[in-house]
Amino acid sequence: MWKSVYRLKPSLLPCLLDTLLAHGFHPPSRKKALGIVLDKPGKPSYDSPSSFRVIVLRRMLAKILERVVASRLSAQATICSLIYPFQCRSLPRRSSADAALVLQHNVESFHRLRYKVSTLFLDVNGGFDNVESPSLLSLLRRKGVSPYLIQWVGSFLRDRTCHLPFQRSPRLFPPVSVGVRQGSPISPLLFVIYVSSLHLESPRSLIISYIDGFAVTVASPSYRTNVHLLQKSFSSLKRKASPINISFSVPKTELIHWRTTRSNESPCSHPGQLEGQLFYPESRLKWLGFIFTPFFDPRSHFSRRFTLANAALATIHHLSPSGKGRPLYLCLSLARSLLAPILLYASAVWNPPQSIMNTMSVFWCRVCRWITNCFSTTNAICLHREACLPPLTLLIRHQRSLAGLRLICSTPEINHASARFPKSVLTFSPHRAPLLARGTITTQPYLFVNLDWRYTPDKTKNTR
């Protein structure tokens, strides 16, 4: 509806929003929200309220206003140093792929210096529910954020109400005085700013975070020393987080000792101890959707992606059996928007091994046959063109090219990974890292390749 209003009268919406922003005021009528209770997947028991999360549904005009404030606040985040360089999400050009890429790059850089590297993965307990409004506003004032934004954030966090629609329950809107709402466009950015002080700097260590997920990496001559350093870093983080009402979920903590393919030593099994609980090193763990192994072997990750994509295809196949059901163009939209992102997640960082790539290509041909309803003996090249879906090799090459182009166009103030390119690569930043610090990121392609797969001229044929 608001798109139609904007097309009919483009000046109406800016006039409404500019007046609210100029006075730093969020309308009370837009603070009423409808909360949907969803269960968290993978919980052993749902007897506790912590096994559920509340997703807030807001009115469209309130979301538009919050989106405008989020864009303006993110523009001041870099200038006012609101966010630590290794905090990802809520800012443009900082994605989960950047976090995984920086993590792998720094691990390989420490390995080049003959260090043993270990990482402790932490998860904030409660997350958005623990944000305190006075502490957040005080932080924004100290950093020199524009007064009208501070006033609007204070108005946004005050006098909020939320209704949980249970069956036969009265339509009451009780007040909500703590935390920021999940489902709001500005909530992730406010939380990232709130926990920015938890990124401690120390030699031979690195803290990378993605909203409420933290990865603490340390390097030393031995894994036992790494465990002691990680325990010390956890104690420092705990002391730093206590004044702002932030705590870490110890049962969700995971430990991994990174290794190189040339290492002949036996895997270290020395555990870490946090708050009386032992944590043994993992041989495989999941963080930000990436499945990491001590050798950064992508086979486990892409095998899991193939399983998920196959299950998704089996689910939507019931919605549109071959030859009947939904129109073909809707099946094509499902393949592009659902199956391809599931299958190719992390392809901008890792290349699938050839054995798994062959299996994924067979699956992709099966998707094309499901769309076109062609015979099983149809040629693969003709099948891809008929289905308007390029082969996976071209899709992966295109995604890696876009990822490299995004890093090239970024500066270290926006994305710290851009400082790792060699001098031979032309970027918008004059900063360069030492040669020993250039590892994984230098392998990223930096030339943009158009996804032109429909017609490939035959260079051996003499055409006039």
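The values are calculated or read from the model by the stated rules, or taken from the named source; none is laboratory data. Just so we're clear, the structure is a prediction, and the values are computed from it rather than from any experiment. Note that we place each Cβ from the backbone using ideal geometry, even for glycine, and neighbour counts take in every protein chain shown. Quick note on the areas: whole protein, heavy atoms, side chains included, nothing else; ligands and nucleic acids left out. Shrake-Rupley method; radii C 1.70, N 1.55, O 1.52, S 1.80 Å.
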Where Asp39, Asp297 fall by accessible area, highest first, once all protein chains stay in place (1.4 Å): Asp39, Asp297
Simple spin-label model, 7 Å along Cα-to-Cβ: Thr315 to Leu405 in nm? 3.1
What ranking do 90-101, 147-158, 354-365 get when scored by the average of other Cβ atoms within 10 Å per residue, highest first? 90-101, 147-158, 354-365
When the solvent-accessible surface of protein heavy atoms is calculated with a 1.4 angstrom probe, in what order do His317, His111 fall, highest first? His317, His111
Segment 198-315: equivalent-ellipsoid semi-axes (sqrt of 5 x gyration tensor eigenvalues, Cα, Å): 27, 21, 13
Please report the spacing between the Cα centers of segment 218-252 and segment 374-410 in Å, no decimals. 43
Ratio to report: Rg/Rh of segment 94-242, with Cα atoms as the point set and Rh obtained by the Kirkwood method; give two decimals. 1.09
Fully extended, how many nm does the chain gain between Asp39 and Thr261 (0.36 nm per residue separation, minus their Cα-Cα distance)? 75.9 nm
Column: log10 I(q)/I(0), Debye, Cα scatterers of segment 289-359, q = 0.22 Å⁻¹: -0.93
I want to check the label-to-label distance for Tyr6 and His228. Put each point 7 Å from Cα in the C-beta direction and report it in nm to one decimal. 5.8
Computed label-point distance, nm, for sites Ser177 and Asn358 using a 7 Å Cα→Cβ extension: 6.6
Between segment 175-215 and segment 273-352, what's the alpha-carbon centroid distance in Å? 26
What translational diffusion coefficient, to the nearest whole µm²/s, does segment 1-143 have by Stokes-Einstein, given a Kirkwood radius computed over alpha-carbon pairs, a temperature of 37 °C and 0.692 mPa s viscosity? 167
SASA check, Leu198, accessible area w/ 1.4 Å probe, all protein chains in place, rounded to nearest 10 Å², comes out at 0
Under the Kirkwood approximation applied to all pairs of distinct alpha-carbon atoms, what is the hydrodynamic radius of segment 195-257 in Å? 12.4
May I ask for the equivalent-ellipsoid semi-axes of segment 315-400, computed as the square root of five times each C-alpha gyration tensor eigenvalue and listed largest first in whole Å? 22, 15, 11
The percentage of the accessible area of segment 167-222 (probe 1.4 Å, all protein chains present) made up of carbon and sulfur atoms, to the nearest whole number, is 55
How high is the relative contact order of the chain, in percent, counting Cα pairs under 8 Å that sit 6 or more residues apart? 16
Under the rule a/c < 1.5 gives rounded, and otherwise a/b versus b/c splits prolate from oblate, where does segment 159-201 land using the Cα gyration tensor? prolate
Could you sort the peptides 261-267, 161-167, 131-137, 119-125 by per-residue average Cβ neighbour count (10 Å cutoff), highest mean leading? 119-125, 131-137, 161-167, 261-267
